[in-house]
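Chemist: Take this structure first; my questions come after.
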Amino acid sequence: MTLERWERIWEIPLIGLALAFLVAYAWPILDPRLDPDVTSFLTAVSWTVWAVFALDFAARLWLAEDRRQYAISRWYDVALIAVPLLRPLRLLRLLALARILSRSATRTLVGRTTLYVVGTAIAAVGLGALAMLDAEHDAPGANIRTIGDALWWAATTVATVGYGDRYPVTTEGRFVAVALMLVGIALIGSITAAVAAWFISQVEAERAND
């Protein structure tokens, strides 16, 4: 069994598990009055997903030729397995979806950039809002207490607008905010680079036709 074959076989099942985790993570946050039995079941689902991802990473690490380099290149897998109690960090499991998107992306620079930017922006706003609401909803003095507040905060943060009407008051929430700021800066940089590359290619094409 090669590493490439293992990843190809388990890619779709792991994406399904990542989506199951998203439901298990988001449902109690969006509905705090959820039945305790349902909450316990969703918690069990979350830990089951963690265990499966841990076993999958262990198998991939065993199959890798350079295990140290592989672990470094998959830092997010190491993080979510090593620190399972940091709830917002568990959302890194959803990065498994990025591998499928990357393979199905168009081959042009503009196509890839558009796919990445749109996908990353939507994911960042949605997941950032969930993580922030999880950290802030019951904190003393918090002003992000509903999913609407959290989505508005996440959208303005990713867009690097930062109106300041909603902001985190907890340490955990501020870490989420820093991560979302970095994503916003990276998105703007990607858009700028893609537009510049498109203009350059257009100029070169015109020169070639002259």
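Chemist: Which one of these does Thr48 not meet: (1) open to solvent by 40 Å² or more (accessible area, probe 1.4 Å); (2) not in a helix (DSSP H, G or I)?
Modeler: With (1) open to solvent by 40 Å² or more (accessible area, probe 1.4 Å); (2) not in a helix (DSSP H, G or I) applied to Thr48, the lone miss is (2).
Chemist: Given the structure, is Ala24 within 21 Å of Gly128 (Cβ to Cβ) and either open to solvent by less than 90 Å² (accessible area, probe 1.4 Å) or not in a helix (DSSP H, G or I) (or both)?
Modeler: Spelling it out, Ala24 is indeed within 21 Å of Gly128 (Cβ to Cβ) and either open to solvent by less than 90 Å² (accessible area, probe 1.4 Å) or not in a helix (DSSP H, G or I) (or both).
Chemist: While we're looking at this one, here's another question. Kindly provide the set of residues from the range 27-45 that are open to solvent by less than 50 Å² (accessible area, probe 1.4 Å) and touching a residue at least 40 places away in the same chain (Cβ under 8 Å), ordered by number.
Modeler: Correct list: Ile29 only.
Chemist: Take the range 129-187 and flag every residue that is part of a loop (DSSP other than H, G, I, E, B) and of a type in the set (Asp, Glu).
Modeler: Result: Asp138, Asp165.
Chemist: Please determine, by comparing only the residues of the range 148-169 that are farther than 23 Å from Val117 by Cα and either touching a residue at least 24 places away in the same chain (Cβ under 8 Å) or small (Gly, Ala, Ser) (or both), which one is least open to solvent (accessible area, probe 1.4 Å).
Modeler: Pro168
Chemist: Sort out which residues of the range 137-148 are in contact with a Phe, Trp or Tyr (Cβ under 9 Å, 6 or more places away or on another chain) and of a type outside the set (A, V, I, L, M), and write them in order of number.
Modeler: Within the range 137-148, Asn143 is the sole residue that qualifies.
Chemist: Just the residues that are modelled with pLDDT of 85 or more, among the basic types (Lys, Arg) and open to solvent by 40 Å² or more (accessible area, probe 1.4 Å), please, taken from the range 52-102.
Modeler: Correct list: Arg67, Arg68.
Chemist: Looking at the range 128-147 only, could you name the residues that are within 19 Å of the chain's Cα centre (by Cα) and open to solvent by 60 Å² or more (accessible area, probe 1.4 Å)?
Modeler: Ile147
Chemist: Mind checking which pairs have a first residue in the range 191-208 that is over 22 Å from Ala159 (Cα atoms) and a second that is in a helix (DSSP H, G or I) and among the β-branched types (Val, Ile, Thr), Cβ under 6 Å, 6 or more apart or different chains?
Modeler: Trp198/Val110
The values are calculated or read from the model by the stated rules, or taken from the named source; none is laboratory data. Remember, it's a predicted structure, so these values are computed and weren't measured experimentally. Here the Cβ is made from the backbone with ideal geometry for all residues, glycine too, and neighbour counts use every protein chain on show. To get the accessible areas, we keep the full protein, side chains included, count just its heavy atoms, and leave off ligands, DNA and RNA. Shrake-Rupley method; radii C 1.70, N 1.55, O 1.52, S 1.80 Å.
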